[in-house]
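Participant: Supplied in C-alpha cells, the structure appears directly below.
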Amino acid sequence: MKYFLLYLLVSLTVSNSADAQSIVGAWKMLSQVTLNEDGTEKDLTALQRKQWPCLADLQTIFGADGKQTMKLPAGCKSPMDYSKLPASTWTMKGNSITISNKSLPTPLGTSSSYTVTFSGKKAVFTHEYSTEEKAKLRMGGKIKRIVITYERV
C-alpha cells in the first residue's frame, strides 16, 4: 500500500508538471495589457472584443512542429481573418519563448521574446521593453511592459 501511494504521488506530480509547462496546444487570449511608465494600463484585448465579441473565441495554436497559427471562430466578422495569416515560428528555452514572423514585421522587427509563467490552465507572457525598443514604438517610449494571458482550450 505504501509503495502504491508513493507511485501515485510521483505519477501525479510528473504528469501535472509536464502538462503545466508545455505551451504546445490551443490557447485563447484572455488579456493583452500594456503597462506604461506612469502606471497607467490598457487591455488591448478588451478593446477589440467591444467591437468584435467573437474574438473571445480566437485560438492561438502552438504546434509541436514549432509553428504558431491562429484559428478564427466560424462566422466571426473581424476586420482581419487571423486564420489566413502566415504561420509564425516559436522556440522555447526554459521559461523564455521567442515568436518570429518574417512576413508581418512589427515596429520592433520580426521577433518578440517573452518570459512565460504557467499557473493551472493559464500561461502568462511578459515582455519588458528596453530603451531601444521604446524608441521604436509610436507611443513615444511610454510603454514599460506588455503582459499577455492565455488560457488553454
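Participant: Which residues in segment 54-87 place their backbone N less than 12 Å from a point set 7 Å from the Cα of Ser22 along the Cα-to-Cβ direction?
Facilitator: Within reach of a label on Ser22: 63-65.
Participant: Starting from the amide H of Leu30, placed 1.01 Å from N in the peptide plane, find each other amide H under 5 Å away whose residue is 5 or more places distant or on another chain.
Facilitator: Thr149, Tyr150, Glu151
Participant: So what's Rg/Rh here for segment 24-152, counting alpha carbon atoms and using the Kirkwood radius for Rh?
Facilitator: Radius of gyration relative to Kirkwood radius: 0.95.
Participant: Another one. Around Asn36, under 15 Å between beta carbons, what's the net of Lys plus Arg minus Asp minus Glu among the other residues?
Facilitator: 0
Participant: By a straight-distance test (C-alpha under 21 Å), which lysines pair with Lys136 as possible cross-link partners, with residues fewer than eight away in the same chain excluded?
Facilitator: Lys42, Lys102, Lys144
Participant: With Cβ to Cβ distances under 15 Å as the rule, what net charge do the other residues near Thr91 carry (K, R +1; D, E -1)?
Facilitator: +2
No value in this document is a laboratory result; all are computed from the given coordinates. Just so you know, these numbers come straight off a predicted model, no measurement behind them. Reconstructed Cβ throughout: ideal geometry from the backbone, glycine too, with neighbour counts over all protein chains shown.
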